[in-house]
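J.: Below is one structure. I have some questions about it.
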Amino acid sequence: MGGLFGTGGPGGSGGTGVTGGNGGGGGNAALIGNGGAGGNGGFGAAQDGAGGNGGDAQLIGFGGNGGNGFTAATNPPGVGGQGGLLIGVPGADGLTFA
């Protein structure tokens, strides 16, 4: 969702493979600035982590990007980004392996 002088972040790509994780949603833009991009889904064959959601941009600034989901047997999703007053904090990638 776009703001007055900003744009919403793009959604992440879905993962490839049999059970690729879903891409995260893009963040919303605030008054001025852009929402963070959603993370990409995992790319292996079994229970890939989903991408985290992009952070919402606060009043002036940019939302952090969502983390990417990584491949593992039982992989958690990436962490969503956070909105920042000036610069958002990116989300962590899902890196825990089974």
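J.: Which of (1) in contact with a strand residue (DSSP E or B) (Cβ under 9 Å, 6 or more places away or on another chain); (2) modelled with pLDDT of 65 or more is the odd one out, the single condition residue 14 does not satisfy?
T.: Only one criterion is unmet by residue 14, namely (1).
J.: Can I ask one more? Pick out the one residue from 35, 8 that is at pLDDT 75 or above, touching a Phe, Trp or Tyr at 6+ places or on another chain (Cβ under 9 Å) and surrounded by 21 or more Cβ atoms within 10 Å (Cβ to Cβ). Before you say what the answer is, go through the steps one by one.
T.: Values: 8 fails: touching a Phe, Trp or Tyr at 6+ places or on another chain (Cβ under 9 Å).
Within the list 35, 8, the selection yields 35.
J.: Does residue 56 satisfy being among the acidic types (Asp, Glu), within 19 Å of residue 8 (Cβ to Cβ) and either out of contact with any Lys or Arg (no Cβ under 7 Å at 6 or more places or on another chain) or modelled with pLDDT of 70 or more (or both)?
T.: So residue 56 passes the test.
J.: While we're on this one: Do we find that residue 30 is modelled with pLDDT of 70 or more, touching a strand residue (DSSP E or B) at 6+ places or on another chain (Cβ under 6 Å) and part of a loop (DSSP other than H, G, I, E, B) in this structure?
T.: Numbers: modelled with pLDDT of 70 or more: yes; touching a strand residue (DSSP E or B) at 6+ places or on another chain (Cβ under 6 Å): no; part of a loop (DSSP other than H, G, I, E, B): yes.
Here the answer is no, as residue 30 does not meet what is asked.
J.: Right, residue 49: closer than 16 Å to residue 25 by Cβ and either in contact with a helix residue (DSSP H, G or I) (Cβ under 7 Å, 6 or more places away or on another chain) or modelled with pLDDT of 75 or more (or both) or not?
T.: Here the answer is no, as residue 49 does not meet what is asked.
The values are calculated or read from the model by the stated rules, or taken from the named source; none is laboratory data. In this text the structure is predicted, and so the values were computed from the model without any measurement. Heads up, the Cβs are rebuilt from the backbone with ideal geometry, glycines too, and the neighbour counts pull from every protein chain shown.
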